[in-house]
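Structure record follows, encoded as structure tokens.
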Amino acid sequence: MIRNKDYNIWTSSLREAIQESKTQEEVQTNQQLLDELLYIASLENAEDEVEDRFYKQLEFGTGGLRGLLGTGSNRINIYTVEKATQGIADYISAGEYRDYSLLPDKAVKGRPSVAIAYDSRINSKLFADTAARTLMRNGIDVYQYQELMPTPALSFAVRRFGCAMGIMITASHNPAAYNGYKVYDNTGCQITLEAAEKILSRIEQVPFFRGFSRSEKPEGSLTPIEESIIEEYLDAVQRESVLQDETGREILKKLSVVYTPLNGAGNKPVRSILDRMGISHVHIVKEQERPDGSFPTCPYPNPEKKEALALGLELCGHLAAEAKAGGHVEEIPDLLLATDPDCDRVGIAVCCNKETMPEYQLITGNELGVLLLDFMITMKVKTGRKKNPIAVKTIVSTKMADAIAAKHGVRMAVTLTGFKFIGEYIAQLEKAHQEEDYLFGFEESYGYLSGTYVRDKDAVNASMLICEMTAYYKSKGLTLTDRLSELYEEYGYYKNDLIDFYFEGARGIGAMEGILSFFRSQMPEKVAGKKVVEITDYQTQKRVCLDGAACTGSTEATGLPPSNVIEACLEEDCSFTVRPSGTEPKLKIYLSAKGKTEAESKALIEKIKEELTQIVNSK
């Protein structure tokens, strides 16, 4: 017998919900949740399984909700979605969305409304419908996409319809067992830290299985978002094109692309934008073309990982061999594009050695960010299209971008980790009527944006720019790897890497906090033989200089909101940054090294990685 109080409450409430269900779909949904609880009660480790589902409520923050699908307060299901949405409805009804908006005076048209979108994950449509019904019961109007759409399209809808907020059902690039729920403010940006705290306080007041009686308020309306709005979004993306003159379109006609949406939301919009650009040679990875939340060929649909690109690389190799054998070198794919399930991130591989033995080289998120920044400078700054250009990156993104920006008179703004902070920065530019100065923003985790039509990273926009950049350099006899080598020769060999340490369950949270505490209180004097010359604790918002030519020994403010992150700068432009993931149970350590040669920078990265891994594993 399970003695956990919450387990028994949920079991009883689900039985009642089955009896009271009005449709067969409701019966099936509640029965599945109940069956899971009954099943785990039969396991040898039943108490552990129960504890993991009920020891806490699914955490709500600036990223909204994200968690494993299943039954319980620490799982994402219709009841955790309903509870969170009711908290948001209470927040909106009280008018608090204006108080915590980056642009409080931004007009909300008519009665407060919320835009909703969803991706291909398991239960995404169910959770979107659950959120819509909850909002409408509270007298809040809903604009909802009727087909799966990319996350940036949700941001676009919020701005297009003048909504008070937006909800995107997605778990981004997490494994198939996850789903999630992102929340956006009236600017189309993910909610601020202050707004998240205020919404959380509302959510905590909402009980599970609360039931709904008809409100005294009139029920809100549901407006389906039509195809014409999707076309408006694609129009906005296309306006960011830099190769749409006659010469540019001729260059693009010669490009050959392999694309995989990884069974997600990118299939239709990415292919539409490539077609608009006149790129006709597009090959699709058939096994990953259609929406499928189980991701059968790619259990971890993250375009950062080579495993996720395996089928795409295989197709590239097959097409390259076929073209080579037929004597049609021009038909060899130039590029592999892969977008994640909600199509806000994109990963790529580039064809090298076409004339001899074609092979495909993966480009990292930092490398692609540097290439795109350099390309945007070439196309918009050097041509005079941007007079006071501003680029934005996060604190864990490559410092090579700073060097490139400085050389070309581009102001580089730095934000906390997460594209939502880049979105906030764009909103601040909008508030100051300087949004036209925005050139480009990126984060190391494969997120990019060149326009201000949305306030989130956009893989549709990025896919377009990557194709234009690849075609541009191809017309000059260069590949992206050739251009990257030129940049390394000019600015130095910056190399970046990431170590992930997984900490599952309740004990894992304590373990991560212990490691962060160690780096705060006992930071090593040297790592990989290089002195620690500066420490930044983003939690206390202080940066302390310890050593070095420019060191004053003083403490200065970071100028950023507090965040549980520690950064250590080493001699000779090396560094590492430690932070817990905001979406997964893991600790991340970002590594950066600069060498005179590629071999030197790689050796430095490996040495730093080795020593930090030993430290973490010893704690």
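The values are calculated or read from the model by the stated rules, or taken from the named source; none is laboratory data. Here the structure is a predicted model, which means the values were calculated and not measured. Don't worry about glycine lacking a Cβ; one is built from the backbone with ideal geometry, like all the others, and counts go over all protein chains shown.
Consider residue 130 against the criteria (1) surrounded by fewer than 24 Cβ atoms within 10 Å (Cβ to Cβ); (2) of a type in the set (S, T, N, Q); (3) outside any helix (DSSP H, G or I): it satisfies all of them except one. Which criterion is unmet?
(3)
Tell me, which residue of region 579-592 that is at pLDDT 95 or above and among the aliphatic types (A, V, I, L, M) is farthest from residue 513 (Cα to Cα)?
Within region 579-592, the match that is farthest from residue 513 (Cα to Cα) is 591.
Just to be sure I understand, how many residues within region 527-546 are buried (at least 17 other Cβ atoms within 10 Å of the Cβ), within 31 Å of the chain's Cα centre (by Cα) and not in a strand (DSSP E or B)?
1
Can you name the condition, by its number, that residue 546 falls short on among (1) over 15 Å from residue 394 (Cα atoms); (2) modelled with pLDDT of 90 or more?
Of everything listed in (1) over 15 Å from residue 394 (Cα atoms); (2) modelled with pLDDT of 90 or more, residue 546 misses just condition (2).
If you take the residues of region 324-378 that are β-branched (Val, Ile, Thr) and within 19 Å of the chain's Cα centre (by Cα), which of them is surrounded by the fewest Cβ atoms within 10 Å (Cβ to Cβ)?
364
Looking at 22, 56, which is the one that is under 34 Å from the mean Cα position of the chain (by Cα), assigned to a loop (DSSP other than H, G, I, E, B) and at negative phi?
Going through 22, 56 in turn, the sole match is 56.
Look through region 460-478, keep the residues that are of a type outside the set (Lys, Arg) and over 23 Å from the mean Cα position of the chain (by Cα), and return whichever of them is surrounded by the fewest Cβ atoms within 10 Å (Cβ to Cβ).
477
Take the residues in region 549-571 that are out of contact with any Ser or Thr (no Cβ under 7 Å at 6 or more places or on another chain) and of a type in the set (D, E, K, R); name whichever of them is modelled with the lowest pLDDT.
Across region 549-571, the extreme among qualifying residues is 556.
Look through region 444-454, keep the residues that are in a loop (DSSP other than H, G, I, E, B) and in contact with a strand residue (DSSP E or B) (Cβ under 6 Å, 6 or more places away or on another chain), and return whichever of them is surrounded by the most Cβ atoms within 10 Å (Cβ to Cβ).
446
Could you tell me whether residue 457 is within 27 Å of residue 336 (Cβ to Cβ), at pLDDT below 95 and surrounded by 20 or more Cβ atoms within 10 Å (Cβ to Cβ)?
Details: within 27 Å of residue 336 (Cβ to Cβ): yes; at pLDDT below 95: no; surrounded by 20 or more Cβ atoms within 10 Å (Cβ to Cβ): yes.
No, not satisfied.
Does residue 194 fit the bill of being at pLDDT below 95 and either assigned to a helix (DSSP H, G or I) or under 25 Å from residue 293 (Cα atoms) (or both)? Please lay out each step first, then the result.
On the way: at pLDDT below 95: yes; either assigned to a helix (DSSP H, G or I) or under 25 Å from residue 293 (Cα atoms) (or both): yes.
For residue 194, the condition - at pLDDT below 95 and either assigned to a helix (DSSP H, G or I) or under 25 Å from residue 293 (Cα atoms) (or both) - is met.
For region 46-61, does any single residue satisfy the condition of being modelled with pLDDT of 95 or more and polar (S, T, N, Q)?
No: region 46-61 contains no residue that is modelled with pLDDT of 95 or more and polar (S, T, N, Q).
For region 298-323, what are the residues that are assigned to a loop (DSSP other than H, G, I, E, B) and buried (at least 24 other Cβ atoms within 10 Å of the Cβ)? Give the derivation first.
Filtering region 298-323 down to residues assigned to a loop (DSSP other than H, G, I, E, B) leaves 298-305.
Listed by number, the residues that qualify are 298, 301, 303.
Kindly check whether there is at least one residue in region 260-281 that is under 14 Å from residue 349 (Cα atoms) and either touching a residue at least 40 places away in the same chain (Cβ under 8 Å) or part of a loop (DSSP other than H, G, I, E, B) (or both).
Scanning region 260-281, I find at least one residue that is under 14 Å from residue 349 (Cα atoms) and either touching a residue at least 40 places away in the same chain (Cβ under 8 Å) or part of a loop (DSSP other than H, G, I, E, B) (or both), so the answer is yes.
Those residues that are under 28 Å from residue 173 (Cβ atoms) and not aromatic (Phe, Trp, Tyr), I need them from region 431-446; list them, please. Spell out how you get there, then give the answer.
To start, the set of residues in region 431-446 that are under 28 Å from residue 173 (Cβ atoms) comprises 438-446.
If the condition is that a residue be under 28 Å from residue 173 (Cβ atoms) and not aromatic (Phe, Trp, Tyr), then 439, 441, 443, 444, 445 are the ones that fit.
Kindly indicate the residue of region 349-377 that is of a type in the set (D, E, K, R) and not in a strand (DSSP E or B) and also nearest to residue 389 (Cα to Cα) among those meeting that condition.
First, pick out the residues of region 349-377 that are of a type in the set (D, E, K, R): 354-355, 359, 367, 374.
Subset that is not in a strand (DSSP E or B): 354-355, 367, 374.
Numbers: 354: 36, 355: 39, 367: 21, 374: 13 Å.
Step by step, filter region 349-377, then rank; the result is 374.
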